[in-house]
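**Q** Structure in structure tokens, see below.
The values are calculated or read from the model by the stated rules, or taken from the named source; none is laboratory data. Remember, predicted model here, so these are calculated numbers, not experimental data. Methodologically, a virtual Cβ is constructed for each residue, glycine included, from the backbone with ideal geometry; neighbour enumeration extends over all protein chains shown.
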Amino acid sequence: MEYKNILFTVEEGVAIITFNRPKALNAMNSEMMGELQDAVTACKDDDNVRALILTGSGEKAFIAGADITEMQNMEPQDALKFMELGHETLRLIETLPKPSIAAINGFALGGGTETSMACDMRFASENARFGQPEILLGLIPGWGGTQRLSRLIGMGRAKEIVLGGGQLDAQRAYEVGLVNKIYPAGQLMEETKKFAKKLAGMPPFAIKMAKHSLNFGYDLAFDNAIRLEVECCSQCFSTKDLKEGTTAFLEKRKANFTGR
Ligand code: CAA
């Protein structure tokens, strides 16, 4: 598929999706969200893709939010479709059986913070800024901001951000646990790719089971959650990669995982 609003490349097992509307600070319109969904589905279906990076083009923004120009004249039924498309796409990223990293190179506001939170990890440049400013526009977050933010940083802090509409710089985002790592802007992509390539070399079935257990165990009652973990863990014993990993350890050599 030809994309108009994103760039999509794959290098050494790592897919990179770049939001590419720099003149609008990569604001997410429905067309871009549809393209994102298509590209993520392609990543899911391609065994050669072992990790995913999302980032923004230009030096200023990851995503400055949902496209306000498109939203301004929406009727509630149009907004419902736009929000559902976003949720469907972000959930696809979150539950992708492959690891994902958001490389946040500037503003990640509203839908930008929300898109980054659907990724497994967030690496930020020193100039990154986060926030849920929807309240200032007369609406509320619609792509998971009221749900994923409280799960990541706690209810009190999430309420401060969602109700107050304020922004967090990279350092504050790191302190509250929204961001995993901070890098100087010039090093962000290089460092993110380095880590993504490391993840791409991990045994894929174990990665899939680890994500499944983390994602789906989180909202279960504890006894059910540990049961889920036991089942996911024991399934790894059906793979050649487990044999290879344990044998390599005992033979004191580096494991060569084949994905089987
Ligand atoms: N939608 C549409 N266009 C946007 C945009 C957005 N979210 N954010 C920025 N732009 C456009 C601006 O309109 C401007 O276009 P023009 O050059 O044609 O005027 C261009 O990008 C550059 O933006 P600014 O001139 O405003 O740049 P700045 O450096 O002065 O400010 C900013 C940067 C603080 C990010 C500011 O652009 C801003 O506040 N943007 C909106 C942030 C926002 O409210 N996001 C939430 C959207 S709602 C949402 O996301 C809902 C949801 O949960 C799904």
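**Q** Go through the range 27-64 and count every residue that is of a type outside the set (S, T, N, Q) and within 16 Å of the ligand (Cβ to nearest atom). Outline the logic, then answer.
**A** Going residue by residue through the range 27-64, those that are of a type outside the set (S, T, N, Q) are 27-28, 31-36, 38-40, 42-47, 49-54, 56, 58-64.
Next, from what is left, pick out any that are within 16 Å of the ligand (Cβ to nearest atom): 27-28, 31-34, 36, 54, 56, 58-64.
Number of matching residues: 16.
**Q** Looking at the structure I just gave you, is residue 106 at pLDDT 95 or above and in contact with an Asp or Glu (Cβ under 9 Å, 6 or more places away or on another chain)?
**A** Yes, satisfied.
**Q** Next question, about the same structure. Taking residue 70 as the residue in question, decide whether it is in contact (Cβ under 8 Å) with a residue 40 or more places away in the chain, within 16 Å of the ligand (Cβ to nearest atom), more than 23 Å from residue 13 (Cβ to Cβ) and assigned to a loop (DSSP other than H, G, I, E, B). Explain how you work it out, then say what you get.
**A** Numbers: in contact (Cβ under 8 Å) with a residue 40 or more places away in the chain: yes; within 16 Å of the ligand (Cβ to nearest atom): yes; more than 23 Å from residue 13 (Cβ to Cβ): yes; assigned to a loop (DSSP other than H, G, I, E, B): no.
In short, no.
**Q** Hey, another quick one. Of all residues in the range 88-116, count the ones that are in contact (Cβ under 8 Å) with a residue 40 or more places away in the chain and farther than 16 Å from residue 26 by Cα.
**A** 13
**Q** Check 88, 94 and return the single one that is within 20 Å of residue 200 (Cβ to Cβ) and more than 11 Å from the ligand (Cβ to nearest atom).
**A** Values: 88 fails: within 20 Å of residue 200 (Cβ to Cβ).
The match here is 94.
**Q** If you check residue 8 against the conditions, is it assigned to a strand (DSSP E or B), surrounded by fewer than 22 Cβ atoms within 10 Å (Cβ to Cβ) and more than 10 Å from the ligand (Cβ to nearest atom)?
**A** Details: assigned to a strand (DSSP E or B): yes; surrounded by fewer than 22 Cβ atoms within 10 Å (Cβ to Cβ): yes; more than 10 Å from the ligand (Cβ to nearest atom): yes.
Spelling it out, residue 8 is indeed assigned to a strand (DSSP E or B), surrounded by fewer than 22 Cβ atoms within 10 Å (Cβ to Cβ) and more than 10 Å from the ligand (Cβ to nearest atom).
**Q** Considering only the range 226-233, I want to know if a residue exists there that is assigned to a helix (DSSP H, G or I), surrounded by 15 or more Cβ atoms within 10 Å (Cβ to Cβ) and assigned by TED's automatic domain parsing to the domain that holds residue 92.
**A** Taking every residue of the range 226-233 in turn, none turns out to be assigned to a helix (DSSP H, G or I), surrounded by 15 or more Cβ atoms within 10 Å (Cβ to Cβ) and assigned by TED's automatic domain parsing to the domain that holds residue 92.
**Q** Select from the range 75-85 the residues that are within 13 Å of residue 139 (Cα to Cα), more than 7 Å from the ligand (Cβ to nearest atom) and surrounded by 13 or more Cβ atoms within 10 Å (Cβ to Cβ) and list them in ascending order.
**A** 79
**Q** Could I ask something else about it? Any idea which residue in the range 12-48 is surrounded by the fewest Cβ atoms within 10 Å (Cβ to Cβ), counting only those that are assigned to a helix (DSSP H, G or I) and among the basic types (Lys, Arg)? Give the derivation first.
**A** Going through the range 12-48, the residues assigned to a helix (DSSP H, G or I) turn out to be 22-24, 30-45.
After this cut, where a residue has to be among the basic types (Lys, Arg) as well, the list is 23, 44.
Numbers: 23: 7, 44: 15.
Of everything passing the filter in the range 12-48, 23 is surrounded by the fewest Cβ atoms within 10 Å (Cβ to Cβ).
**Q** Please enumerate the residues belonging to the range 33-55 that are of a type outside the set (S, T, N, Q) and under 14 Å from residue 4 (Cα atoms). Walk me through it before giving the result.
**A** Applying the first criterion (of a type outside the set (S, T, N, Q)) to the range 33-55 yields 33-36, 38-40, 42-47, 49-54.
Answer for the range 33-55, where residues must be of a type outside the set (S, T, N, Q) and under 14 Å from residue 4 (Cα atoms): 33, 34, 35, 36, 38, 39.
**Q** A further question follows. All but one of (1) in contact with a strand residue (DSSP E or B) (Cβ under 7 Å, 6 or more places away or on another chain); (2) of a type in the set (Gly, Ala, Ser); (3) within 9 Å of the ligand (Cβ to nearest atom) hold for residue 24; which doesn't?
**A** With respect to (1) in contact with a strand residue (DSSP E or B) (Cβ under 7 Å, 6 or more places away or on another chain); (2) of a type in the set (Gly, Ala, Ser); (3) within 9 Å of the ligand (Cβ to nearest atom), residue 24 is out only on (1).
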